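Notes to accompany the following structure.
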Amino acid sequence: PEEMAQRDAFDHVRLAASLSLATGRGYTHENLPIETIEYSPDMGSLTLTLSDQVAWRCDLCNYEVTPCDGKPAPDHTVSKSPDGKWEAFCRDYDLFVKSTETGEEFRVTTDGQEGYHYARPLESPIVAAGLLTGEQAAPWLTPAISWSKDSMKFLTFKIDAREAGKCHLVQSVPLDGSKRPKLFSYIYPLPGDEKLPMAEPVIIDVEKKGLTRVAVEPVEFFYYGAPRLWGRWTDGARKDLLLVVRKRGSRVSTFYAVNPETGEARQLFVENAIAGGDVPEQHATDDGETIIWPSQRDGWTHLYRFDVPGPEHAGGNDPGPFQITHGNWVAREIKHVDAQSKTVYFTAGGKEPGIDPYYRLLYKVGF
């Protein structure tokens, strides 16, 4: 402060590389998932807590990264509620919930079966072969669950892969040292396949120990792992669950508002020019009254706004969609949505003359 100067707190590129090596999971300098950061008294090292709540120490002389003592490795086969009081997990083909305070567990589904089960992602052959472990394997192991903000409900799926086609990999040099090659089969739809894995969205009420089916068509998905469905729990007066379901080809997306008590789904709008590639997905305000998303409706990737109407809406104000950025340039990534000031912070390329259009600059725009 005496010099009125600022500098990087550390070498972001070196730290990202060291964290990638230490955790087995790829990180980039642009998106380090740091939750907390603390310097040592001599400023010679950093203690970092990542988004998975695991702590690491980084020596700022050589950027060697080591795990902090006393931190158990996270269990990627469970999904913890936001308040930490519940853990949801798969056993055989059904879902169970356990209280972290009492240790009591209870079963919330009973009709799961082989190939038609709840929450568990379709097995990755790379994980099954032992080639991905720890943090790197987490996306393929963690139950497909999205908790409500009050930790009383969660969105999950009943996954039907009974008729889905498979592909096969042969591991010619097994990691266990055996000499015979091992075969790993996995669900992998191909173009032209008529039978795809399907995911039926359901809502689990932890307090009532009940299940509510969401009134939308089963969701297609095209890869092993978990269904890729955008869901956002809101905490406004309506407490809707916002869903976006993409059709095969990822060019058509349908936006819904779901009543989490009844499973009733109100179709909000259909987007036929959804932006793909490295453009981020939808954002919604915490109260669920505004959705911001990228679209290529005018030929360029720009940001659009939709004002979510309530279930009683009947011909009132036009909810949109409304285009909120314009011009011959490309919106890239939504960084933050500030509902209070009605401002979107985002990166974009090609807007400033004389600057490489692949460089990303930070902008803000009002709703």
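The values are calculated or read from the model by the stated rules, or taken from the named source; none is laboratory data. Bear in mind the structure is a predicted one, so any value in this text is a computation, not a measurement. We place every Cβ from the backbone using ideal geometry, glycine too, and count neighbours over all the protein chains shown. We work out accessible area using only protein heavy atoms, side chains counted, and drop any ligands, DNA or RNA first. Shrake-Rupley method; radii C 1.70, N 1.55, O 1.52, S 1.80 Å.
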Discussion item. Run through segment 135-215 and list the GluC sites (Glu not before Pro) located in a DSSP loop whose Cβ has at most 12 other Cβ atoms within 10 Å.
Written reply: GLU163, GLU194, GLU207
Response to the item:
Of GLU123, GLU352, GLU289, the most mobile residue in a GNM of the chain (C-alpha springs, cutoff 10 Å) is GLU352
Discussion item. Under a Cβ-only charge scheme (Lys and Arg +1, Asp and Glu -1), can you give me the dipole magnitude of segment 222-367 about the Cα centre, in debye to the nearest 20?
Written reply: 480 debye
Fill in: Whole-Hz ³J(HN,Hα) from phi, Karplus 6.51 cos²θ - 1.76 cosθ + 1.60, for segment 263-269, glycine and proline x
x, 5, 10, 9, 6, 8, 6
Worksheet entry | Accessible area expressed per residue, segment 179-237, with surrounding protein chains retained (probe 1.4 Å, Å²) | 57 Å²
Worksheet item: Per the 1.4 Å probe, what fraction of the accessible area of segment 85-134, in percent, lies on carbon and sulfur atoms?
Response: 44 percent
Worksheet entry | Rounded if a/c under 1.5, otherwise prolate or oblate - segment 159-287, Cα gyration tensor axes | prolate
Worksheet item: How would you classify the chain from its alpha-carbon gyration tensor, with a ≥ b ≥ c the square roots of the eigenvalues: rounded for a/c under 1.5, else prolate if a/b is greater than b/c, otherwise oblate?
Response: rounded
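Could you sort the peptides 353-359, 17-23 by per-residue average Cβ neighbour count (10 Å cutoff), highest mean leading?
On the way: 353-359: 8.7, 17-23: 17.7.
Most protected by this proxy first, the peptides run 17-23, 353-359.
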Discussion item. Less than 23 Å apart at the alpha-carbon level, and either on another chain or at least 8 residues along: which lysines does that give for LYS351?
Written reply: LYS335, LYS342, LYS364
Practice prompt. Report the relative contact order of the chain, percent, no decimals, based on alpha-carbon pairs under 8 angstrom and at least 6 residues apart.
Written response: 8 percent
Item to complete: Springs between alpha-carbon atoms under 10 Å, Gaussian network over the chain: tell me which of LEU242, LEU190, LEU141 tops the mean-square fluctuations.
Response: LEU190
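Rank these residues by their accessible area, most exposed first, probe 1.4 Å: THR47, THR133, THR347. Intermediate values should be presented prior to the final figure.
Details: THR47 45, THR133 90, THR347 15 Å².
Sorted by accessible area, descending: THR133, THR47, THR347.
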Fill in: Positive-end residue, segment 1-140 charge dipole about Cα centroid, Cβ charges, pick of LEU60, HIS12, HIS76
HIS76
Discussion item. Which residue, GLY210, GLY231, TYR188, has the largest displacement toward the positive end of the dipole of segment 157-234 when charges sit on each Cβ (Lys, Arg +1; Asp, Glu -1)?
Written reply: TYR188
Worksheet item: How large is the dipole of the chain about the Cα centre if only Lys and Arg carry +1 and Asp and Glu carry -1, each at its Cβ, rounded to the nearest 20 debye?
Response: 1060 debye
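Report the trypsin sites (Lys or Arg not before Pro) located in segment 106-170 that are in a DSSP loop and have at most 16 other Cβ atoms inside 10 Å of their Cβ, or state none. List each step's numbers first, then the result.
Numbers: sites: ARG107, LYS149, LYS153, LYS158, ARG162, LYS166; in loops: LYS149, ARG162.
Answer by residue number: LYS149, ARG162.
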Item to complete: Using the charge dipole of segment 145-200 (Lys, Arg: +1 at Cβ; Asp, Glu: -1 at Cβ; taken about the Cα centre), state which of PHE154, LEU175, PRO197 has its Cα farthest towards the positive end.
Response: LEU175
Worksheet item: Can you give the calculated 222 nm mean residue ellipticity of the chain, where each DSSP H run of n ≥ 4 adds -39,500 (n - 2.57) and the sum is split over every residue, rounded to the nearest 500 deg cm²/dmol?
Response: -1500 deg cm²/dmol
Discussion item. From Cα pairs below 8 angstrom and at least 6 apart in sequence, can you work out the relative contact order of segment 278-367, rounded to a whole percent?
Written reply: 22 percent
Worksheet item: Got a sec to turn the phi values of segment 204-218 into Karplus ³J(HN,Hα) couplings, 6.51 cos²θ - 1.76 cosθ + 1.60 with θ = phi - 60°, whole Hz, x for Gly and Pro?
Response: 9, 9, 5, 5, 8, 6, x, 10, 10, 7, 7, 7, 10, 4, x
Worksheet item: What list of ³J(HN,Hα) values in whole Hz, one per residue of segment 141-157 in order, does the Karplus curve 6.51 cos²θ - 1.76 cosθ + 1.60 (θ = phi - 60°) give from phi, with Gly and Pro shown as x?
Response: 10, 6, x, 6, 9, 10, 7, 6, 5, 8, 6, 9, 9, 8, 8, 8, 9
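Which value, in debye to the nearest 20, gives the size of the charge dipole of segment 196-271 about its Cα centre, when Lys and Arg are +1 and Asp and Glu are -1 at the Cβ?
220 debye
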Practice prompt. Can you bin segment 68-143 into rounded, prolate or oblate? Criterion: square roots of the alpha carbon gyration tensor eigenvalues sorted a ≥ b ≥ c, rounded for a/c under 1.5, prolate for a/b above b/c, oblate for the rest.
Written response: oblate
Worksheet item: How about segment 1-68: which trypsin sites (Lys or Arg not before Pro) there lie in a loop by DSSP and see at most 12 other Cβ atoms within 10 Å?
Response: ARG7
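Could you give the accessible area per residue of segment 285-367, probe 1.4 Å, as a whole number in Å²?
Values: 4560 Å² over 83 residues.
Accessible area per residue, segment 285-367: 55 Å².
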Item to complete: Under a cut-off of 20 Å between alpha-carbon atoms, report the lysines in cross-link reach of LYS158, not counting same-chain residues fewer than 8 places apart.
Response: LYS80, LYS98, LYS166, LYS195, LYS208, LYS209, LYS247
Discussion item. Just to confirm, what accessible area per residue do you get for segment 59-146 at 1.4 Å probe, in whole Å²?
Written reply: 53 Å²
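Of all accessible surface on segment 307-360 at a 1.4 Å probe, what whole percent is carbon and sulfur? Show your work: numbers first, answer last.
Numbers: 1630 of 3360 Å².
The computed percentage sits at 48.
Would you work out what percent of the accessible area of segment 174-234, with all protein chains in place, is carbon or sulfur (probe 1.4 Å)? Could you put the intermediate results ahead of the total?
Numbers: 1750 of 3480 Å².
Summing carbon and sulfur atoms, their accessible area is 50 percent of the total for segment 174-234.
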